[in-house]
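Report on one structure; see the data block that follows.
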Amino acid sequence: MRSDLLAPDFKSTPYWWEGTPRPDLGDPELPAAVDVAIVGAGYTGLCAALQVARGGRSTLVLDGADAGWGCSTRNGGQISTSVKPQFDELTHKHGAETAFRIIREGHAALAWIGEFIAAERIQCDFRIPGRFHAAHTRRQYIRMARDIEHQPRGLEVPAHVVPRAEQHRELGTDAYFGGVVFENHASLDPGRFHQGLLERALAAGALVVPYCPVTGVGHSGPGFVVNTGRGVVRARDVVIATNGYTGAITPWLRRRVVPIGSYIIATEPLPPAVMDRLMPSERIVSDSRKVVHYYRPSPDRTRILFGGRVTSGETRARKGATLLHHNLVALFPELSRTRISHSWMGFVAYSFDTLAHVGRHDGVYYAMGYCGSGVSMASYLGTRIGQQVLGLAAGRTAFDGLRFPARPLYHGKPWFLPAAVSWYCLRDRLNL
Ligand SMILES: Cc1cc2nc3c(=O)[nH]c(=O)nc-3n(C[C@H](O)[C@H](O)[C@H](O)COP(=O)(O)OP(=O)(O)OC[C@H]3O[C@@H](n4cnc5c(N)ncnc54)[C@H](O)[C@@H]3O)c2cc1C
């Protein structure tokens, strides 16, 4: 590692934690019984809690670390339509009607989050700057432009093509072959958004207990008994909201989600003229690589936050800083001397069909598998699963009833990941 790569005040914790320090929730006592126990205090768990607490249920949210310690305060704050498979692929698997409804649900989640943040008055730098999705090969550019021209009827999104000759309007690099701007994609500060959700859930009457790992969930009469590191709680309903941190307490779910590390760095503050040259607008950015780069200006436009997958296996934040810096400089050579102030990672959850899943197994509710795009989808499906617990029709989603696939020989440790990531990196290098 270059000795001067890390800023003197370098931290291996999320940049967002500077503006929103980890919440101090004290040391609340566990109740003996509640209506609803929720495992995980990220966006999914807190949005579910908000619904059930406002619906009059006594609500307990338990997290093994501090509230928001998982992905929900570690992400890039980029918001898209959050459904990875294309319409054709979904049609092939589920039929045209279900495919249509699933894609529409992604659109609904994107529209919903802006309305929700406004209605709840959450101050979290929410903006709709659009996304520049950059083509890393000429072939990808042609494919993207064609896809935008031929969007499925009824599923059109506002978007326009940016040819390579006009790319500098979007980004100060020649490394791409043009791209597409998705005009209604949004951004926020994930730490502030999480804090806003936490405050709303507490105000609604939910009890949020940090540093209280759940060690088992079992049936007991008509309800459940929830074992924790700090005692036992009886609950009428249980919601699992653990996404990329889903563990041994829910083996059925653990077999269905693959934890994959995603890594981000923050640069030290850059001169305004450099920011204006490299990232002339507020747009969020992603590219067409299989092993995608995603980046954006910080909300105050002082830094670039640059994320992606750095190695075939998992690595430490310091090593991640070196590798991500290398990728950043490949796009913006003038940042070769720029130092890194923060480098961090978190575990997202991929499902085997790259769709989010929501529902109930063996009486336990769950929502997870956002495949790295969960800012709006986790919040949206957390809300919907909370409504399902309340028995409300509003809780229905296009994901209901979809089979949640597992794979033989997979029990939660992704032994196949290094080979899969290496294969995707090779495809990116060969421009396949
Ligand atoms: C680096 C990175 C960048 C990302 N960038 C983006 C982005 O730009 N846009 C986007 O849409 N998405 C992004 N994501 C994904 C997004 O952050 C997640 O999909 C979303 O936050 C998931 O929220 P969640 O509440 O379901 O899970 P999490 O926020 O991960 O919360 C799960 C919680 O469950 C707790 N838990 C687990 N097991 C137990 C147990 N047994 N007992 C008690 N508690 C337990 C964990 O401690 C954790 O706090 C990114 C993720 C990462 C890591």
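The values are calculated or read from the model by the stated rules, or taken from the named source; none is laboratory data. Given the structure is predicted, the values throughout are model-derived calculations rather than measurements. Cβ atoms come from the backbone with ideal geometry, glycine included; neighbour counts cover every protein chain shown. The accessibility values were calculated without ligands, DNA or RNA, using every heavy atom of the protein model including side chains. Shrake-Rupley method; radii C 1.70, N 1.55, O 1.52, S 1.80 Å.
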Rounded to whole angstrom, the alpha-carbon centroid of segment 115-158 lies from that of segment 232-279 at a distance of 22 Å
Between the modelled labels at Tyr410 and Phe352 (7 Å from Cα along Cα→Cβ) the distance in nm is 0.6 nm
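How much net charge surrounds Val238 when only the other residues with a Cβ under 15 Å from the Cβ of Val238 are counted, with Lys and Arg +1 and Asp and Glu -1? It would help to have the intermediate numbers written out before the result.
Details: positive: Arg57, Arg234, Arg236, Arg360; negative: Asp35, Asp63, Asp237, Asp362.
So the environment of Val238 carries a net charge of 0.
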Only helices counted: for the chain, with every DSSP H run of 4 or more residues adding -39500 (n - 2.57) and the sum spread over all residues, [θ] at 222 nm is -9000 deg cm²/dmol
Share of Cα-Cα pairs in the chain beyond 43 Å, whole percent, is 10 percent
Averaging 1/r across every pair of distinct alpha carbons in segment 166-267 and inverting yields a Kirkwood hydrodynamic radius, in angstrom, of 18.4 Å
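What number comes out for accessible area per residue over segment 169-273 if the probe is 1.4 Å? Units Å², please. All intermediate terms of the calculation are to be shown ahead of the outcome.
Numbers: 3760 Å² over 105 residues.
Per residue, segment 169-273 has 36 Å² of solvent-accessible surface.
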Taking a label point 7 Å from the Cα of Asp88 along Cα-to-Cβ, the residues of segment 110-135 whose backbone nitrogen sits under 16 Å from it are none
Pseudo-spin-label distance His361 to Lys290, built 7 Å along Cα→Cβ, given in nm, is 2.7 nm
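Among the listed pairs Lys11/Lys413; Lys93/Lys413; Lys93/Lys290; Lys84/Lys319, which are separated by more than 24 Å between their Cα atoms?
On the way: Lys11/Lys413 28 Å; Lys93/Lys413 27 Å; Lys93/Lys290 22 Å; Lys84/Lys319 29 Å.
Where the Cα-Cα span goes over 24 Å, the pairs concerned are Lys11/Lys413; Lys93/Lys413; Lys84/Lys319.
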Placing each pseudo-label 7 Å from Cα in the direction of the beta carbon, His160 and Arg318 end up separated by a distance in nanometres of 4.8 nm
Note to self: with every protein chain in place and a 1.4 Å probe, segment 1-83 gives an accessible area per residue in Å² of 37 Å²
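Scan the chain and report its longest stretch carrying no GluC sites (Glu not before Pro) that are both in a DSSP loop and have at most 15 other Cβ atoms within 10 Å.
Numbers: sites that count: Glu29, Glu156, Glu183, Glu282.
In short, 283-432.
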For the chain, the charge dipole (Cβ of Lys, Arg +1; Cβ of Asp, Glu -1; about the Cα centre) points to a positive end, and the Cα of Gly363, Gly261, Pro418 closest to that extreme belongs to Pro418
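How much of the DSSP beta bridge set in the chain is antiparallel, as a percent to the nearest 5? Could the numbers behind the result be given before it?
On the way: 49 of 70 bridges.
Around 70 percent of the beta bridges assigned by DSSP in the chain are antiparallel ones.
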With all protein chains present, segment 30-149 has a carbon and sulfur share of its accessible area (1.4 Å probe) in percent of 48 percent
Heavy-atom accessible area per residue of segment 98-164, all protein chains kept, 1.4 Å probe, expressed in Å², is 53 Å²
